[in-house]
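S.K.: Structure provided below as structure tokens; questions to follow.
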Amino acid sequence: MELPPPVSALEDSPPPSTGEFISQPDSPNPQMFRLLSDTFENVVPRDRTGLGFDGWPAMLNRADAGLEIGKALRVVVSILQYLQGKSLATLVPATKVLADGSRYEPWRLPFGDEQILDFYLDLLAADEIEYDWTSDTLRLICNSCAELDINRERTLAKLKLPVLLNRLKEEEKVDLAIGVLCNLCLDYEPAQVALRANRLFPSIIQMFERRCYNLDFLPQVSLLLDVAIEDFNPELYPNTQAVTIIYQTITIPGVDIETQISLTNIIVTLLKHEQIQTALIRDYKLSIILDLFVFSYTQDATSLEYHSRLNSEQKLYHPVQDPEDEAQFTALRSALSAKLWDMTSLNEFNFKYLPASEFVQRIISWLSIDEQQMQLCACSILRNVASSDQNATDMVMLLKVHWLFISILDNSSSLQVLEELLRLMKNLAVPAANKKELESFEKITLLWSKFESLTLDYAVVSLVRQLLKGCFDNVHRFLRPNTPAENDSYASRLLHLYSNTHDPAIKTEIARTIVEIWRTANGGNNEEVRTQVFHVQKSAREVNLRPDEMVKPVVAMILESENPSLVTEGWFGLALMASSDEWGEAIYNELCEDGAKDVFKAVVSSQDAHSKDRDNARILANRLSKHSTDNPARLDVLRPLVPGGDSYSEVEPS
């Protein structure tokens with residue numbers, strides 16, 4: 001994982017308003033040794049101590065001039081050890097001087113090599129009692145670890161990580177602890193592993209909950225969360241607390257956009273775990289994700305209550321963002337939408353959120369908002385809601401959700417939105433009760449002429465097929481003239497698309513739609529079937545649809561499809577279509593074309609007793625022969641295909 005540079009130097013003053021830590025330039029020697037000498041004056045004996053620091057004033061003076069710095073630092077360590085037992089009061093200003101010195105980059109490695117760092121790590125580890133020098137000790141450790149793996153290794157070996165993480169709970173020490181953690185682990189894998197093992201993630205979440213941190217340090221905390229989340233275990237943290245608290249942190253006024261994006265990505269990562277998803281559903285907390293989605297547009301936490309109310313989001317305020325920031329928000333919304341799709345496809349969601357629930361009603365209202373990603377998200381979620389017939393029926397018959405589709409079909413220029421809406425409409429069109437309500441052939445078939453998109457063309461044809469399935473009122477409407485020009489019908493638009501597309505999937509779906517017309521016409525009792533088939537044939541004549549135009553796609557599907565079920569569907573459709581002399585002639589002519597004739601003969605003569613294809617082809621041959629009694633040449637071709645030579649006992653195709 002590539003990470004930004006760690007904190008370089010932690011100062012004794014508040015951080016800048018940007019929230020960034022600023023590295024100190026390589027300034028002249030800050031005269032740390034002179035300040036230490038002043039601090040030790042009158043407290044530390046100079047000679048004949050036997051403690052390793054005899055003649056310390058001269059050593060510190062030479063070091064102040066840049067000479068024998070290593071030796072001087074060893075002497076300082078000896079003095080610190082002396083002060084630890086004799087004068088803790090003097091240890092406080094000495095520690096501050098050394099912490100200030102640690103900001104000077106050339107001294108960081110010597111601090112580690114000559115055991116200044118070790119002394120303070122031991123001091124911190126030996127006693128958890130707070131002293132006046134604790135803050136400066138943390139600052140010294142923080143700065144000493146900046147971009148130095150050897151010092152990080154030393155720190156990791158001695159520092160009690162739970163003690164350090166506990167500092168995140170203390171308002172006076174939290175900023176210093178953040179600095180130490182950042183410099184210790186952001187680009188140092190061993191420290192990352194160790195901190196994750198010591199529950200870095202819950203420690204940060206608890207810090208967020210207490211809100212005891214300086215907001216300027218939040219960018220660094222978000223980087224620590226990136227580290228903490230890497231091996232997140234939902235079994236240990238299966239509730240919604242983390243998502244809720246991070247969301248609340250994101251929406252605090254003053255949080256910069258980069259940090260908002262970083263923290264939201266943490267939520268997206270949490271939502272990869274089904275335990276977190278089900279917890280949000282169980283606790284009715286899914287609205288948090290919707291709020292986060294809206295916040296990514298408005299950047300205004302105060303407006304979220306307004307935008308959470310039903311039908312109030314049509315006037316969404318979306319300030320202009322920097323193009324790079326907007327690109328990141330766009331990617332973020334796509335990720336949130338994908339997670340919402342995942343969650344709303346779970347069984348737990350269907351038990352908790354019915355179409356009349358506030359959550360679903362709010363999603364429905366998003367269809368009216370002129371924001372592409374919100375409409376896409378709404379359509380995808382509502383497709384999941386409509387996965388059961390009862391929900392789909394309630395959405396159409398009770399909530400009238402389809403009324404909102406009109407504006408999108410008329411005005412949207414987004415192919416993505418239109419395609420997603422058509423998929424939603426297809427789900428809603430499954431229950432028989434919804435089909436007439438959703439019939440909108442005029443609007444949806446016009447999309448073929450408004451856009452050039454294979455995926456959109458396919459989505460429209462697929463929806464048409466679903467609307468026709470089992471609903472003869474829609475079949476009749478589809479075949480009738482739709483303009484004063486009587487040769488124009490929705491069916492003629494369908495066949496025009498067939499003749500103008502080269503896409504095999506679209507051609508196959510059109511063929512299946514034609515089969516669906518005849519399947520639906522043949523549904524019901526004998527009298528209903530006769531009446532419905534008569535109306536199909538009559539309507540086709542009235543709009544000048546030739547039988548061969550509707551037969552050709554079905555024959556092509558049989559010959560070209562590699563899917564056995566589609567081949568079976570094709571023979572079934574042809575058997576249904578062979579209902580009159582006119583349609584029988586059109587089918588016969590198509591089957592006499594090169595390639596089709598041999599396939600027809602082979603299927604009819606198949607020895608597979610369980611072949612639906614053979615049974616339907618024989619029914620077709622029998623019906624074609626019945627419609628060819630006045631055509632001896634055609635009968636000579638068909639008679640050998642009919643078992644028994646004359647006629648096959650009439651049964652219905654299946």
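S.K.: Residues of the stretch 534-586 being surrounded by fewer than 21 Cβ atoms within 10 Å (Cβ to Cβ), β-branched (Val, Ile, Thr) and under 19 Å from ASP488 (Cβ atoms), which ones?
M.R.: VAL543
So that you can scan it fast, the table gives a plain yes or no per residue for (1) among the hydroxyl-bearing types (Ser, Thr, Tyr); (2) closer than 23 Å to PHE295 by Cα; (3) under 26 Å from the mean Cα position of the chain (by Cα):
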{"position": "GLU170", "(1), (2), (3)": "no, no, no"}
{"position": "LEU184", "(1), (2), (3)": "no, no, no"}
{"position": "GLN192", "(1), (2), (3)": "no, no, no"}
{"position": "LEU200", "(1), (2), (3)": "no, no, yes"}
{"position": "SER203", "(1), (2), (3)": "yes, no, no"}
{"position": "GLN206", "(1), (2), (3)": "no, no, no"}
{"position": "GLU258", "(1), (2), (3)": "no, yes, yes"}
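S.K.: Let me ask another. Would you point out which residue out of ASP342, ASP370, ASP394 is of a type in the set (D, E, K, R), surrounded by fewer than 18 Cβ atoms within 10 Å (Cβ to Cβ) and assigned to a helix (DSSP H, G or I)?
M.R.: Numbers: ASP370 fails: assigned to a helix (DSSP H, G or I); ASP394 fails: surrounded by fewer than 18 Cβ atoms within 10 Å (Cβ to Cβ).
It is ASP342.
S.K.: Here's another thing I want to ask about it. Looking at (1) within 23 Å of ILE267 (Cα to Cα); (2) basic (Lys, Arg); (3) crowded, with 16+ Cβ neighbours inside 10 Å, which one does ARG139 not meet, given that it meets all the others?
M.R.: The failed condition is (1).
S.K.: For the stretch 228-301, give me every one of the helices (runs of 4 or more DSSP H) that falls completely inside it and has 2 or more residues that are out of contact with any Ser or Thr (no Cβ under 8 Å at 6 or more places or on another chain), farther than 20 Å from ALA331 by Cβ and modelled with pLDDT of 90 or more.
M.R.: Those helices (runs of 4 or more DSSP H) span 241-250, 274-282.
S.K.: What residue, among those in the stretch 85-103 that are closer than 20 Å to MET59 by Cβ and at pLDDT below 90, is farthest from the chain's Cα centre (by Cα)?
M.R.: So, considering only residues that are closer than 20 Å to MET59 by Cβ and at pLDDT below 90, the one farthest from the chain's Cα centre (by Cα) is LYS86.
S.K.: While we're looking at this one, here's another question. Just checking, does the stretch 445-468 include any residue being at pLDDT below 95, in contact with a helix residue (DSSP H, G or I) (Cβ under 8 Å, 6 or more places away or on another chain), under 30 Å from THR531 (Cβ atoms) and surrounded by 22 or more Cβ atoms within 10 Å (Cβ to Cβ)?
M.R.: Among the residues of the stretch 445-468, at least one is at pLDDT below 95, in contact with a helix residue (DSSP H, G or I) (Cβ under 8 Å, 6 or more places away or on another chain), under 30 Å from THR531 (Cβ atoms) and surrounded by 22 or more Cβ atoms within 10 Å (Cβ to Cβ), which makes the answer yes.
S.K.: Report yes if some residue within the stretch 88-104 is in contact (Cβ under 8 Å) with a residue 60 or more places away in the chain, touching a Phe, Trp or Tyr at 6+ places or on another chain (Cβ under 6 Å) and either at positive phi or not in a loop (DSSP other than H, G, I, E, B) (or both); otherwise report no.
M.R.: Yes; the residues of the stretch 88-104 include at least one that is in contact (Cβ under 8 Å) with a residue 60 or more places away in the chain, touching a Phe, Trp or Tyr at 6+ places or on another chain (Cβ under 6 Å) and either at positive phi or not in a loop (DSSP other than H, G, I, E, B) (or both).
S.K.: I need the full set of residues from the stretch 397-437 which are small (Gly, Ala, Ser), in contact (Cβ under 8 Å) with a residue 12 or more places away in the chain, surrounded by fewer than 22 Cβ atoms within 10 Å (Cβ to Cβ) and in a loop (DSSP other than H, G, I, E, B), in order please. Quick ask: steps written out before the conclusion?
M.R.: Quick first cut of the stretch 397-437, residues small (Gly, Ala, Ser) only: 407, 412-414, 429, 432-433.
From what is left, the residues that are in contact (Cβ under 8 Å) with a residue 12 or more places away in the chain are 407, 412, 414, 429, 432-433.
Restricting the remaining residues to those that are surrounded by fewer than 22 Cβ atoms within 10 Å (Cβ to Cβ) gives 407, 412, 414, 432-433.
Answer for the stretch 397-437, where residues must be small (Gly, Ala, Ser), in contact (Cβ under 8 Å) with a residue 12 or more places away in the chain, surrounded by fewer than 22 Cβ atoms within 10 Å (Cβ to Cβ) and in a loop (DSSP other than H, G, I, E, B): SER412, SER414.
S.K.: Any chance the stretch 133-153 includes a residue that's farther than 27 Å from SER222 by Cα and either out of contact with any Asp or Glu (no Cβ under 6 Å at 6 or more places or on another chain) or not in a loop (DSSP other than H, G, I, E, B) (or both)? Working first, answer last.
M.R.: Quick first cut of the stretch 133-153, residues farther than 27 Å from SER222 by Cα only: 133.
Within this subset, residues satisfying the condition of being either out of contact with any Asp or Glu (no Cβ under 6 Å at 6 or more places or on another chain) or not in a loop (DSSP other than H, G, I, E, B) (or both) are 133.
Yes, the stretch 133-153 has at least one match.
S.K.: Go through the stretch 18-40 and give me each residue that's over 21 Å from GLY70 (Cα atoms) and either modelled with pLDDT of 65 or more or out of contact with any Gly (no Cβ under 9 Å at 6 or more places or on another chain) (or both).
M.R.: Taking the stretch 18-40 and keeping what is over 21 Å from GLY70 (Cα atoms), we get 18-25.
Hits for the stretch 18-40 are THR18, GLY19, GLU20, ILE22, SER23, GLN24, PRO25.
The values are calculated or read from the model by the stated rules, or taken from the named source; none is laboratory data. Since the structure is predicted, the reported quantities are computational estimates derived from the model, not experimental observations. So basically every Cβ, Gly included, is an ideal-geometry build from the backbone, and we count neighbours across all protein chains shown.
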